[in-house]
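What follows is a short report on a single structure.
The values are calculated or read from the model by the stated rules, or taken from the named source; none is laboratory data. All figures in this text were calculated on a predicted structure; none of them were measured in a lab. Positions of Cβ are backbone-derived with ideal geometry, glycine not excepted, and every protein chain shown enters the neighbour counts.
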Amino acid sequence: MPATPEKPAAGAAVAARRKAGRHRGEGQWAVGHHTPLNGNEQFKKDDDGLNVRTRIETIYSKRGFDSIDPNDLRGRMRWWGLYTQRKPGIDGGKTAILEPEELDDEYFMLRVRIDGGRLTTEQLRVIGEISQEFARGTADLTDRQNVQYHWIRIEDVPEIWRRLEAVGLSTTEACGDTPRVILGSPVAGIAVDEIIDGSWAIDEIQRRFIGNPDFSNLPRKFKSAVSGSPQLDVAHEINDVSFVGVVHPEYGPGFDLWVGGGLSTNPKLGVRLGTWVPLEDVPDVYGGVIGIFRDYGYRRLRNRARLKFLVADWGPEKFRQVLEDEYLQRKLADGPAPEQPSGVWRDHLGVHRQKDGRFYVGFAPRVGRVDGSTLTKIAELADAHGSGRLRTTAEQKMIVLDVAEEQVDSLVSGLEALDLKVTPSPFRRGTMACTGIEFCKLAIVETKARGAALIDELERRIPEFDEPITININGCPNACARIQVADIGLKGQLVMDADGNQVEGFQVHLGGALGLEAGFGRKVRGLKVTSAELPDYVERVLTRFQEQREDGERFAT
Ligand code: SF4
């Protein structure tokens with residue numbers, strides 16, 4: 001029956017109520033809503049997350065774990081890159097049932113932000129030493145170009161900060177409702193095909209916005225990326241704000257502005273605002289976008305707070321108008337979209353000549369898993385081969401820069417001896433895994449060891465497979481390993497095995513992609529595999545694809 005003005009149908013009435021509710025109060029500061037609408041907003045209002053550092057240094061590190069205020073423990077400590085890690089031995093079935101304090105271990109994950117993925121060998125050596133001394137050797141490379149430690153004791157945090165900061169690194173706002181690490185092209189300043197080097201803008205954004213109390217209470221996390229590489233190498237489509245290198249026909253090299261990307265709940269790809277931003281304006285425009293997010297972002301529901309929801313409601317035209325009129329007080333030039341990259345991989349692995357005639361060498365551990373001892377050895381190897389610089393990538397890989405031609409072979413042999421492959425199989429190259437149940441309190445299944453074993457199995461079973469392929473493994477319905485944009489995305493959950501037992505497994509998503517043909521994988525209805533069946537399943541999918549593909553056909557198509 002059609003709805004009448006007097007008596008709307010139930011569905012329409014609910015939708016109307018929702019819409020009215022949204023406009024009544026999403027907690028947007030810019031329209032006068034300053035009363036906290038949930039516990040997170042309350043603790044952020046009570047005290048700036050940045051202030052917890054003083055308490056860690058003067059109280060918690062001296063009196064121990066039990067002295068930590070719960071609002072600091074599960075809230076503000078994130079502003080300094082600290083999360084409690086999962087108590088060992090709690091299975092994934094209990095994740096949603098237990099109270100947070102029952103899942104909390106007395107140890108922390110600590111995230112080191114590496115803006116632009118840029119590291120010196122001295123910095124990497126310090127990261128490695130901290131890992132061995134304070135983190136039981138752990139040090140994972142993340143898909144946000146960070147390094148993550150585990151097993152950190154609160155007592156050791158001030159000393160870890162002292163050592164990191166002595167070499168110009170920090171954990172400031174590495175987590176929390178803050179401007180997180182700024183992704184940057186791992187080959188900024190050196191790549192032969194570079195459109196524009198965004199490094200200056202990353203430094204300037206860091207200087208002006210990171211650790212700045214004016215931007216330390218955002219509705220939710222704020223992810224950003226700046227890359228002038230035509231390889232589109234920072235997953236710009238899934239950041240809250242991205243600056244992507246383009247050449248304007250009149251003004252020359254600059255950046256195309258994207259906003260509102262993000263995975264996890266209601267995944268959305270970023271949208272172009274159609275503007276061209278010169279390098280020197282990138283920090284101001286970043287400031288405008290983060291300002292809009294702070295002031296107009298939704299603060300009522302955590303799962304509707306990311307910038308993508310505001311962008312979806314406003315649309316790109318209104319977003320651009322508010323940015324120009326209220327935040328920049330000037331119009332931005334119109335500009336072109338990025339072009340389709342020539343290669344299919346975005347990770348810069350292998351040996352490549354730099355602009356200056358030297359070489360960079362990209363290499364792959366398995367699923368980002370390295371350790372402190374290996375990182376120290378990588379720093380030593382780089383030094384021994386005349387390089388003082390390295391980069392992390394947004395694919396859980398690394399690159400050594402500035403290697404003279406005659407040193408390349410020796411460096412490659414040294415890396416391969418550490419099981420860091422310069423010419424990896426497509427499986428090692430294209431597989432990423434999130435932290436998973438080993439340390440993550442939200443996890444339902446194991447991911448890192450599962451991913452590493454899957455790589456080994458696929459290399460053994462289908463050694464001739466030559467197609468670029470991405471296999472991303474998440475330990476829960478969140479999206480830390482970007483499952484929605486992988487060729488094969490695996491979302492961790494409990495599934496039934498053939499005997500009717502509930503066991504660890506995955507919901508399969510197929511056919512996602514990044515790039516100019518970006519899109520989300522299709523959730524294959526009913527297609528769930530147990531962890532034990534995973535190698536068989538992936539082998540079947542890939543073998544069938546290989547047998548049936550047409551000339552030039554990619555897996556995602
Ligand atoms: Fe944890 Fe889930 Fe993120 Fe994996 S995807 S790290 S399990 S929150």
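Out of the stretch 485-504, which residues are over 18 Å from Leu458 (Cβ atoms), crowded, with 23+ Cβ neighbours inside 10 Å and in contact with a Ser or Thr (Cβ under 9 Å, 6 or more places away or on another chain)? If you could, list the steps in order and put the result at the bottom.
Of the residues in the stretch 485-504, the ones over 18 Å from Leu458 (Cβ atoms) are 485, 491-504.
From what is left, the residues that are crowded, with 23+ Cβ neighbours inside 10 Å are 485, 491-492, 504.
Within the stretch 485-504, Val485, Gly492, Glu504 qualify.
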* Identity of the residue in the stretch 344-378, buried (at least 20 other Cβ atoms within 10 Å of the Cβ) and aliphatic (A, V, I, L, M), that ends up nearest to the chain's Cα centre (by Cα) -> Val367
* Could we say that Phe427 is under 30 Å from Pro477 (Cα atoms), hydrophobic (A, V, I, L, M, F, W, C) and within 16 Å of the ligand (Cβ to nearest atom) here? -> no
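Take Ala532 and decide whether it is under 30 Å from Leu103 (Cβ atoms), assigned to a loop (DSSP other than H, G, I, E, B) and in contact with a Pro (Cβ under 8 Å, 6 or more places away or on another chain). Full working, then the answer.
Details: under 30 Å from Leu103 (Cβ atoms): yes; assigned to a loop (DSSP other than H, G, I, E, B): yes; in contact with a Pro (Cβ under 8 Å, 6 or more places away or on another chain): no.
No.
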* Asked: Taking into account only those residues within the stretch 516-530 that are within 16 Å of Pro267 (Cβ to Cβ) and not charged (D, E, K, R), which is surrounded by the most Cβ atoms within 10 Å (Cβ to Cβ)?
  -> Gly521
* Which number in (1) in contact with a Lys or Arg (Cβ under 7 Å, 6 or more places away or on another chain); (2) in a loop (DSSP other than H, G, I, E, B) marks the one condition that Ala312 misses? -> (2)
* Asked: When you look at Ala188, is it closer than 20 Å to Asp72 by Cβ and surrounded by 24 or more Cβ atoms within 10 Å (Cβ to Cβ), yes or no?
  -> no
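Looking at Gly519, Gly511, which one is more than 14 Å from the ligand (Cβ to nearest atom), under 21 Å from Lys223 (Cα atoms), at pLDDT below 95 and not polar (S, T, N, Q)? Break it down into steps so the answer makes sense when it comes.
On the way: Gly511 fails: under 21 Å from Lys223 (Cα atoms).
Going through Gly519, Gly511 in turn, just one is more than 14 Å from the ligand (Cβ to nearest atom), under 21 Å from Lys223 (Cα atoms), at pLDDT below 95 and not polar (S, T, N, Q): Gly519.
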* Structure fact -> The condition of being more than 16 Å from the ligand (Cβ to nearest atom) and under 19 Å from Asp371 (Cα atoms) holds, among Leu401, Leu415, only for Leu415
* To do: Please identify the pairs in which a residue from the stretch 431-454 that is at positive phi has its Cβ atom under 6 Å from the Cβ atom of a residue that is more than 6 Å from the ligand (Cβ to nearest atom) and assigned to a helix (DSSP H, G or I), counting only partners at least 6 apart or on another chain.
  => Gly436/Lys448
* Asked: For Gln340, all conditions in the list (1) modelled with pLDDT of 95 or more; (2) over 22 Å from the mean Cα position of the chain (by Cα); (3) not hydrophobic (A, V, I, L, M, F, W, C) hold save one; what is the number of the exception?
  -> (1)
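Could you please let me know if Leu375 is away from the ligand (no atom under 13 Å from the Cβ), of a type in the set (A, V, I, L, M) and more than 22 Å from Gln148 (Cβ to Cβ)? Break it down stepwise before answering.
Values: away from the ligand (no atom under 13 Å from the Cβ): yes; of a type in the set (A, V, I, L, M): yes; more than 22 Å from Gln148 (Cβ to Cβ): no.
It is false that Leu375 is away from the ligand (no atom under 13 Å from the Cβ), of a type in the set (A, V, I, L, M) and more than 22 Å from Gln148 (Cβ to Cβ).
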* Residue, farthest from Gly89 (Cα to Cα), within the stretch 433-459, restricted to residues that are more than 10 Å from the ligand (Cβ to nearest atom) and either part of a loop (DSSP other than H, G, I, E, B) or charged (D, E, K, R) (or both) -> Glu459
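List the strands (runs of 3 or more DSSP E) that sit entirely inside the stretch 239-309 and contain at least 2 residues that are in contact with a Ser or Thr (Cβ under 8 Å, 6 or more places away or on another chain).
Working: elements: 241-248, 252-259, 271-277.
Once the strands (runs of 3 or more DSSP E) in the stretch 239-309 are filtered for at least 2 residues that are in contact with a Ser or Thr (Cβ under 8 Å, 6 or more places away or on another chain), what remains is 241-248, 252-259.
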* To do: From the list Arg306, Arg299, pick out the single residue that is more than 23 Å from Phe520 (Cβ to Cβ) and surrounded by 21 or more Cβ atoms within 10 Å (Cβ to Cβ).
  => Arg299
* Quick one: how many residues across the stretch 315-352 are more than 30 Å from Val192 (Cβ to Cβ) and part of a loop (DSSP other than H, G, I, E, B)? -> 3
* Could you list, in sequence order, the residues of the stretch 161-171 that are surrounded by 14 or more Cβ atoms within 10 Å (Cβ to Cβ) and either within 15 Å of Glu122 (Cα to Cα) or out of contact with any strand residue (DSSP E or B) (no Cβ under 7 Å at 6 or more places or on another chain) (or both)? -> Trp161, Arg163, Leu164, Val167, Leu169, Ser170
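Name the one entry in Leu381, Leu332 that is more than 27 Å from the chain's Cα centre (by Cα) and closer than 30 Å to Arg450 by Cβ.
Working: Leu332 fails: closer than 30 Å to Arg450 by Cβ.
Exactly one residue qualifies, and that residue is Leu381.
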* Structure fact -> Of the residues in the stretch 460-483 that are surrounded by 24 or more Cβ atoms within 10 Å (Cβ to Cβ) and not in a loop (DSSP other than H, G, I, E, B), the one that is farthest from the ligand (Cβ to nearest atom) is Ile471
